[in-house]
Every structure is written in C-alpha cells, then in structure tokens.
Amino acid sequence: MDDLTRILKGLPFFEGFADEHLALLVGCARNERATAGSFLFREGQDATTFYLIREGSVSLNIHAPGQGPLIVQTVSENEPLGWSWLFPPYTWHFDARVEQDARMVVFDGLCLRTKCDKDPVFGYELIKRFSRIMTQRIEALSFQLMDVYGERS
Amino acid sequence: MANAPDLMAESAVLAEAPDPMRPRLFRIAKFTHNTHDTFTVALEDLETGAGIGFRPGQFNMVYLYGVGEIPISISGDPQDRSVVIHTTRAVGTVTKAMRSMRKGDTLGLRGPYGVPWPVDRARGRDVVIVAGGIGLAPLRPVLYHCLAHRNEMNKLVLLYGTRSPVDILYREELESWRARFDLDVYVSVDRGMEGWHGNVGFVSTLIAKAPFDAGNTTAYLCGPEVMMRVCATELIKRGVPDHELFVSMERNMKCGIGFCGHCQLGPVFICKDGPVFPYPRMRNLLSPWEL
C-alpha cells in the first residue's frame, strides 16, 4: 500500500470506502503544503480541485464592499474543503485563506468527475459524503446567521 | 389546632429566620469591563466584608435600589469566599444601570438560590463543558471546581462559542486555560474578522473535533436555548448518554424562590426546580415555538 492510499484510508471522510474506489481517488490525488497567509483559491477562480486538510486550518472568506473580509467558516484537520468542482459553472464562491500552516491532500476535480461518470457507484459514494458535509455546514451556517448570542441570550 | 404557646413559639422562630425577600447590602469591591457589553462585579457583604458560600450553577437576586431586581448567576470560584462574583451583559434596565456603577457603590443581594450543577457526577468520567456567549459565566464555577479536583476526573474539555472575536468573555483566563496540559479548550466564533486565526463556525461543530470518550462523559451546557438543543443533539449523536447532559435554563424571575410563578416553564419553576436540569427533563421544553 503506497503512502497516499494509507493517508486516505486513515481519513474519516473516506471511512468505509472500498479499496478499488480508494485506488480511483489516489489516481487523482497529491500531497501539498501551504503556508499561513497564502490563498488556496479566490472567489471567481476556476474550481478545479478539492482539498482534505490533514493539518492546519483554512478560513473561508467573503468580501463585502467597504467591510473587508468576513470569515464565515474555518476548515481544519480531517475536514474536506470545496465542492464547487462538482457543479457547473465550476467556480469558487469564497476566498480560502490558510490560517495555520497546512498539509493537505489535493484532488483533481476534472479527473474525479471523469471517474464518477464512468463508475456511478464510486460517484454515488463520493456524492453521499459531500452531501452529508454540505448538510452539516448549511445547518451550522443557519445557526450562525441566527445570531443566537445576541441580546436575548 | 395549635395552642397559644405553640403559636407564640412558632412566631418567635419565624421572626428570627432571615426574610428571603429582604436583600443584604453588598459593596462593589472590584468592577471589570470584560467586553463591549459585558462586565464583572466582585462584591463584599457590608456586614462581614466577605462573599458568600455557594455551589456552581446557583444564582443571586441582585437589587439596584430604585431600579429593579434581577437574577444573575454566580460566576466566581466556589472555593473563594472572600468576594461574590457576577458577570453579566448590559442588556436590560437593571444591567445597564449596573454597568455605570463603580467600586464602592452598594447594591442588594438575596441568595444564593437554585439547583446547582451536579459536579460530583463527573468523578471518574470525562467532562465536557459547552458554553455559548454569556453562558460561559454560569459555567466558570464548574471549571474552577473541576480544576481544583482535577485528579478526580479524566479528560476535561471546554467548548466555547460566541458571536465574534470581540465578544470573547474571560479572554485572558481562556488563554491561560488553553496553555494547561490537563484541559482542552476550543473556541469558535460565528463571525470571524481580519486578524482572527481561530475557529469560525457554530459551537456545535466543535463537538466532533474535541477529544473525549463519549460513552464515559458528563456534559454541562449553558447558553441560548437553541444552542443547547443543537449541542445536546450533537453530543448524543456522538454517544454521550442523554442522562449525562445537564442544561441551565433562564426565564424572567421575580421572587427567585418559587412563590410568584414568573419563571414557570411548563411544569417547572426555573428558580426553584432549576436553573440546572437534567437534559431529558428539558428536552421537550426546548423545542416548542412558544413556552
């Protein structure tokens, strides 16, 4: 078993993935590092990848004119980052800024989409996992929007 | 039917008993602004020059003469009886007036009242403290207790969520707790801003990240009700037994001792039966739209 396979096998996001599907993932993956302060992607850029953070943290920022960047979420150890590579028009909707030096596995989106189309079982497994993450993040964001720590708390 | 001497004896006993509705005078020994809208007062009894004994989770009725009376949780160290400490947010008539008070000013106090956190239950177990916003104040005595009895429990975890970096309560203390090797502190804010490098996300998202043995955990939660409901659900999902979750409730109180019924929530009076409740007792009362 090569290093990348071992790394992916140990990530909770891929827990329960069949070995042949892990092999498909490995074919589209590479290890990367990023230093604090750098950007993984910027709003409006082509979304060609997704990331699994192994160490460090990355913040998702949105800009409003005159207000500077607003951080809406941070993604850290063992968490996936980015799903815009899955859906047209394949562009990022946020800026992703590295907050703490990060190690991550980077996946080529086009490579993965091609494999998903060829192997729907693999695609379904991947989509199920992303759907769960999306649901969790939308739930968390809705509570953030409620501003529950406001005056009534 | 009681005879006359019995009634006289009873009257004498009642006359000697302290009137639970009569505040004692306390002096502000120290006043601290914590954030832009929260502050802490350390109070000394005018007669004794000391604080009062209390158990974590209990509250006092704090009376500003000519303004009004409100319940405020005690947020100091239960082992330190030199002063009684209250942290609150300037949000209503009384707390806004309190914010303009200074060292040496006096106010009235009745208490301590209420059912405390069952801290002894944590013996031999992991402890997870989940606080939201000003909800960290009623939980701080639990943390002091746990740190004072650190060898009696396993993992000790504090998960704290608040609105933004400028709203972080007890910031210096959080930093010193985070530096300890026997306490895991996670802080998350709902809205980050430039210069903030910590977590951004609802406090419930910290539950999956924190290191604790869910099956052997006792958890104490305090904050807005929606936050407690969501966090309790996440803790149960992770495997914490629901009977090991405890929540602190808040309602408008008037008497603080179960006479008036102002703080009634369903079948309970928050002041007398709470404010701390086992989660299973509150679960159905945290969900309805209006109660």
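Brief remarks on what is shown
- Residue satisfying all of: in segment A:122-153; touching a residue at least 12 places away in the same chain (Cβ under 8 Å) and away from every other protein chain (no Cβ under 14 Å); farthest from residue B:161 (Cα to Cα) among these: A:122
- Across segment B:226-249, the number of residues qualifying as in contact (Cβ under 8 Å) with a residue 60 or more places away in the chain and of a type in the set (Gly, Ala, Ser) comes to 1.
- Condition met for residue B:252 (assigned to a helix (DSSP H, G or I), of a type outside the set (Phe, Trp, Tyr), free of Cβ contacts under 8 Å to residues at least 60 places away in the same chain and on the phi < 0 side of the Ramachandran plot): no
- Checking each residue of segment A:71-84 against the condition of being among the aromatic types (Phe, Trp, Tyr) and crowded, with 21+ Cβ neighbours inside 10 Å gives no match.
- Hey, residue B:47 in contact with a Leu (Cβ under 9 Å, 6 or more places away or on another chain), of a type in the set (Asp, Glu) and outside the structural domain of residue B:169 (by TED's automatic domain parsing) or not: yes
- Matching entry among B:69, B:47 (being among the acidic types (Asp, Glu), in contact (Cβ under 8 Å) with a residue 12 or more places away in the chain and assigned to a strand (DSSP E or B)): B:69
- Of residues in segment B:194-223 being facing chain A (nearest Cβ under 10 Å), buried (at least 23 other Cβ atoms within 10 Å of the Cβ) and in a loop (DSSP other than H, G, I, E, B), the one nearest to the chain's Cα centre (by Cα): B:223
- Only residues that are acidic (Asp, Glu) and facing chain A (nearest Cβ under 7 Å) were counted in segment B:168-193, giving 1.
- Which numbered condition residue B:39 fails, given (1) outside any strand (DSSP E or B); (2) surrounded by fewer than 24 Cβ atoms within 10 Å (Cβ to Cβ); (3) touching a Ser or Thr at 6+ places or on another chain (Cβ under 8 Å): (1)
- Some residue of segment B:17-29 being within 30 Å of residue B:163 (Cβ to Cβ) and either at pLDDT below 95 or surrounded by 11 or more Cβ atoms within 10 Å (Cβ to Cβ) (or both): yes
- Just one of (1) under 12 Å from the mean Cα position of the chain (by Cα); (2) of a type in the set (Val, Ile, Thr); (3) part of a helix (DSSP H, G or I); (4) over 29 Å from residue B:240 (Cβ atoms) fails for residue B:95. It is (1).
- If the condition is being farther than 22 Å from residue B:37 by Cα and part of a helix (DSSP H, G or I), then segment B:154-193 contributes B:176, B:177, B:178.
- Residue in segment B:65-73 that is closer than 20 Å to residue B:270 by Cα, away from chain A (no Cβ under 14 Å) and of a type in the set (Asp, Glu) present: yes
- Condition met for residue A:110 (among the aliphatic types (A, V, I, L, M) and surrounded by 20 or more Cβ atoms within 10 Å (Cβ to Cβ)): no
- From the options B:237, B:272, B:209, residue that is touching an Asp or Glu at 6+ places or on another chain (Cβ under 8 Å) and charged (D, E, K, R): B:209
- Within segment A:48-74, being of a type in the set (A, V, I, L, M, F, W, C) and farther than 22 Å from residue A:28 by Cα holds for A:60, A:62, A:64, A:70, A:71, A:72.
- Looking across segment A:75-126, just one residue is among the polar types (S, T, N, Q) and closer than 12 Å to residue A:24 by Cα, and that is A:114.
- Note on segment A:35-61: residues that are within 14 Å of another protein chain (Cβ to nearest Cβ), in contact (Cβ under 8 Å) with a residue 60 or more places away in the chain and of a type in the set (Gly, Ala, Ser) amount to 3.
The values are calculated or read from the model by the stated rules, or taken from the named source; none is laboratory data. Predicted, not measured: the structure shown is a model, and the values here were computed from it. Virtual Cβ from ideal backbone geometry, glycine too; neighbours counted across all protein chains shown.
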